[in-house]
1. Residue check, Val322 against (1) closer than 29 Å to Ala396 by Cα; (2) surrounded by 16 or more Cβ atoms within 10 Å (Cβ to Cβ), all met but one. Which one?
2. Which ones in the stretch 230-273 are without any contact (Cβ under 8 Å) to a residue 60 or more places away in the chain and crowded, with 19+ Cβ neighbours inside 10 Å?
3. Do any residues in the stretch 70-98 that are closer than 18 Å to Pro163 by Cα and touching a residue at least 24 places away in the same chain (Cβ under 8 Å) have Cβ atoms under 7 Å from those of residues that are open to solvent by 10 Å² or more (accessible area, probe 1.4 Å) and more than 16 Å from the ligand (Cβ to nearest atom), where the two are at least six apart or on different chains, and which pairs are they?
4. Of all residues in the stretch 226-267, which are hydrophobic (A, V, I, L, M, F, W, C), in a strand (DSSP E or B) and out of contact with any Gly (no Cβ under 9 Å at 6 or more places or on another chain)?
5. In this structure, does Pro159 turn out to be under 21 Å from the mean Cα position of the chain (by Cα), within 27 Å of Lys24 (Cα to Cα) and near the ligand (Cβ under 10 Å from one of its atoms)?
6. Quick one: in the stretch 44-54, which of the residues that are at pLDDT 95 or above and within 27 Å of Phe334 (Cα to Cα) is surrounded by the fewest Cβ atoms within 10 Å (Cβ to Cβ)?
7. For the stretch 177-191, which residues satisfy the criterion of being open to solvent by 10 Å² or more (accessible area, probe 1.4 Å) and touching a residue at least 60 places away in the same chain (Cβ under 8 Å)?
8. Take the conditions at positive phi, away from the ligand (no atom under 13 Å from the Cβ), surrounded by fewer than 21 Cβ atoms within 10 Å (Cβ to Cβ) and modelled with pLDDT under 95 and apply them to Lys41. Does it pass?
Amino acid sequence: MRTQRAGATQDSRTSLNIPLEEIKEGKVSILGPKLELYSDKDRIEPCWAPVFYNPAMKMDRNISVAFLQSFSILTNKKLRIFDALSATGIRGLRYAKEVENVEFVALNDINRLAYDLMKINIERNGLEKLVTAFHSDANILLACFARRGRRFNVVDVDPFGSPVPFLDNAIRAVENNGVLCVTATDLAPLMGVSKRACIRKYGALPIRSVFSREFGLRILIGYVVRTGAKYGLMVNPLLSYSSRHYMRLFLKVRIGKKRANESIDKLGYVSFCPKCGSVQIRKYFFSLEKVCSNCGSKVEIGGPIWLGELCDVFLLKETVKVFERFFGKEEKGFKILECLLEESSMPPYFYTTDFIAKTYRFKKEPILGSIIRALEEMGYKATRTHFSTKGFKTYADISTIVEIYKSL
Ligand SMILES: C[S@@+](CC[C@H](N)C(=O)[O-])C[C@H]1O[C@@H](n2cnc3c(N)ncnc32)[C@H](O)[C@@H]1O
């Protein structure tokens, strides 16, 4: 194996001949690419830099820090973390510096420049005792760690695009009751813009609808659940959300074929009527009507998706508290976490104020708060959703929602 490992005492200064600048994020200060050199007009393109760093992902790194802190508090576990695709190392370094109870962090990148830079950044933050850098293909390293006594209780997979190429090995490298963190930025397949790519990569049919983003997130969870099940592992989402250009999952991995079956039982299929907005959910594809029971139009069918909860409420409540304590209520990400709490136990889809107004040709689009209030007054639970600023979730059927629109 051509894996290289940076020892704590090794002199890590190499001839990194790229323009670098200091980047401060959370409690760490790193050297990263001089981003102004990699921009198109005013838009920074982090992918053009020789080593990747995306300032827009700071919010996710904050949420990840808060989540891991909460996980370690509630499970009373010392964390051994593998940040398998590290680039500058910012993510793993922040875990090492900001999450209490971290025993060890491994960083890794296939890019030699990234490896050299992460070694500099380890030293720069005085984390030589806690953090080790590797220079390897993540799949090779993950497969090496997928053995008794070598597994991590946190494995983080944050790739360019789809996480699919890494998931089999990543899931096997997570210790029993550990956490797998997954990022996906290939939203075009997951949200149904490139249907065939979604079928090819995720073995699932996406739906192009008002709730495509949530559907994509649930396709992604479903895929990880099916991947775990192949190895007799139960996978259960602890926190899942989507924002801007990405989707992010934190999933618990547990050994047990019976448990894996229980996870599989939470997968299912959905039909959506683009004409009237009606939604049907079934466990099996063949039990879905191909024609809308509300208006008789042809429906779109998608799945398999995860139909269970997106978050574990207990852990999410703790994450909200920790996020507030670490970063404050005003910091981006807090509202997402609060909203996730509100929308738990709600259906796996949502409507938006403009979708209903447009579909049913209402002249005025009511404000979100008034629809939620009206639904609640009629005895239906209704909430906002973090997926869309105009989105609402409710168990009320489409004709009830339309009646409410008429009354507003
Ligand atoms: C999106 S970046 C990681 C960003 C980083 N986690 C952060 O928060 O800033 C993905 C990284 O994966 C690396 N990479 C791509 N394929 C890889 C592979 N097969 N093994 C290891 N690293 C890989 C790339 O060089 C790149 O640095």
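The values are calculated or read from the model by the stated rules, or taken from the named source; none is laboratory data. This is a predicted model, so every value here is computed, not measured. Note: ideal-geometry Cβ built from the backbone for every residue, glycine included; neighbour counts use all protein chains shown. These accessible areas exclude ligands, DNA and RNA; they are computed on the full protein's heavy atoms, side chains included. Shrake-Rupley method; radii C 1.70, N 1.55, O 1.52, S 1.80 Å.
1. Only one criterion in (1) closer than 29 Å to Ala396 by Cα; (2) surrounded by 16 or more Cβ atoms within 10 Å (Cβ to Cβ) is unmet by Val322, namely (1).
2. Met234, Ala260, Ser263, Leu267, Gly268, Tyr269, Ser271, Cys273, listed by residue number.
3. Ile81/Val102
4. Let us first name the residues in the stretch 226-267 that are hydrophobic (A, V, I, L, M, F, W, C), namely 229, 233-235, 238-239, 247, 249-251, 253, 255, 260, 264, 267.
If we keep only those that are in a strand (DSSP E or B) too, we end up with 233-235, 238-239, 247, 249-251, 253, 255, 267.
The answer is Leu238, Leu239, Leu249, Phe250.
5. Values: under 21 Å from the mean Cα position of the chain (by Cα): yes; within 27 Å of Lys24 (Cα to Cα): yes; near the ligand (Cβ under 10 Å from one of its atoms): yes.
Yes; evaluated as a whole, the condition is true for this residue.
6. Of everything passing the filter in the stretch 44-54, Asn54 is surrounded by the fewest Cβ atoms within 10 Å (Cβ to Cβ).
7. Within the stretch 177-191, Asn177, Thr185, Leu187 qualify.
8. yes
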